[in-house]
């Protein structure tokens, strides 16, 4: 059995109040796979890159036990590229450049040895591509997690709503939850979104943590206060990868396991923002992750006499 992640591998150029980078490796699938691999050793990637994508980065995937058979390399073409500049509050940013390149006509091919997929992470791509991926598995995975964004709500809402019906877990941020539902209250927003089809909803609130909804149950996860946040790029994808990686590790889908998965995903995301790109999440130890998880536990642990 395996965990399959579909998404982008890309180059990013990032500027924050703490500095700036030239082109560095990023992409939703990159962050999610590296995070998931800390908890599960059968992670498989479906993505596309140009022949400018470094062989050393493919080796890095393999060194983290990520199967790259589903990573298409298009000869003579360039990888997806995004450039952005973050404002002082680090919660808002300006996109400076977006070059789709190989992503413009991406056709996700599912290798035969990926058909044992039990856990599927649909990274932020067009809803049509996400639908295509689900349809190409001969047996529906046990758990399908989907990430999306406001851009698809603006230009492909009908396709997005059809895709949402097909998944078990939807992850969005608080602004996206409000846009999708038309409700300002996140509790009311969650009820409307759950009625659209998914069994579980995760609303990410950045520096304020995350909320998990299922039927009439709600779990609020804290965010870890950090002295230095260098780069929020990829934090949401790292969170999603840690979340589904933990779920694949425990193997059983339940609300309680998802509560733990959110904490483990949040712990990985808290490492991600401490350096630019994937630098911090490449070489973590299990001891570092366990200690960070305990910091999250301590944040919300209290006794009432």
Inset, instruction - Tell me the strands (runs of 3 or more DSSP E) entirely within segment 36-87 that contain at least 3 residues that are surrounded by fewer than 22 Cβ atoms within 10 Å (Cβ to Cβ) and touching a residue at least 12 places away in the same chain (Cβ under 8 Å). - result: 66-74, 80-86
Inset, instruction - Could you please let me know if residue 233 is modelled with pLDDT under 95 and either under 18 Å from residue 176 (Cα atoms) or part of a helix (DSSP H, G or I) (or both)? - result: yes
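Working only within segment 141-166, note down all residues that are closer than 23 Å to residue 258 by Cα and either touching a strand residue (DSSP E or B) at 6+ places or on another chain (Cβ under 8 Å) or surrounded by 14 or more Cβ atoms within 10 Å (Cβ to Cβ) (or both).
From segment 141-166, those closer than 23 Å to residue 258 by Cα are 141-149, 163-166; that's our starting set.
141, 142, 143, 144, 145, 146, 147, 148, 149, 163, 164, 166 - these are the residues of segment 141-166 that are closer than 23 Å to residue 258 by Cα and either touching a strand residue (DSSP E or B) at 6+ places or on another chain (Cβ under 8 Å) or surrounded by 14 or more Cβ atoms within 10 Å (Cβ to Cβ) (or both).
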Legend entry - Hits in segment 237-287 (condition: touching a strand residue (DSSP E or B) at 6+ places or on another chain (Cβ under 7 Å) and not in a helix (DSSP H, G or I)): 253, 276, 277, 278
Inset, instruction - With respect to residue 31, determine if the residue is in contact (Cβ under 8 Å) with a residue 12 or more places away in the chain, touching a strand residue (DSSP E or B) at 6+ places or on another chain (Cβ under 7 Å) and not in a strand (DSSP E or B). - result: no
Inset, instruction - Only residues that are touching a residue at least 40 places away in the same chain (Cβ under 8 Å), under 18 Å from residue 219 (Cα atoms) and in contact with a helix residue (DSSP H, G or I) (Cβ under 7 Å, 6 or more places away or on another chain): list them for segment 145-172, please. - result: 145, 171
Inset, instruction - Kindly indicate which of 216, 231, 237 is farther than 14 Å from residue 32 by Cα and crowded, with 24+ Cβ neighbours inside 10 Å. - result: 231
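Go through segment 53-67 residue by residue and tally those that are in contact with a strand residue (DSSP E or B) (Cβ under 6 Å, 6 or more places away or on another chain) and over 12 Å from residue 282 (Cα atoms).
The initial filter retains those residues of segment 53-67 that are in contact with a strand residue (DSSP E or B) (Cβ under 6 Å, 6 or more places away or on another chain), namely 57-58, 61, 66-67.
Those left that are additionally over 12 Å from residue 282 (Cα atoms): 58, 66-67.
Looking only at that region, the number is 3.
The values are calculated or read from the model by the stated rules, or taken from the named source; none is laboratory data. Note that this is a predicted model, so its numbers are computed, not measured. No Cβ is skipped: glycine too gets one built from the backbone with ideal geometry, and neighbour counts run over all protein chains shown.
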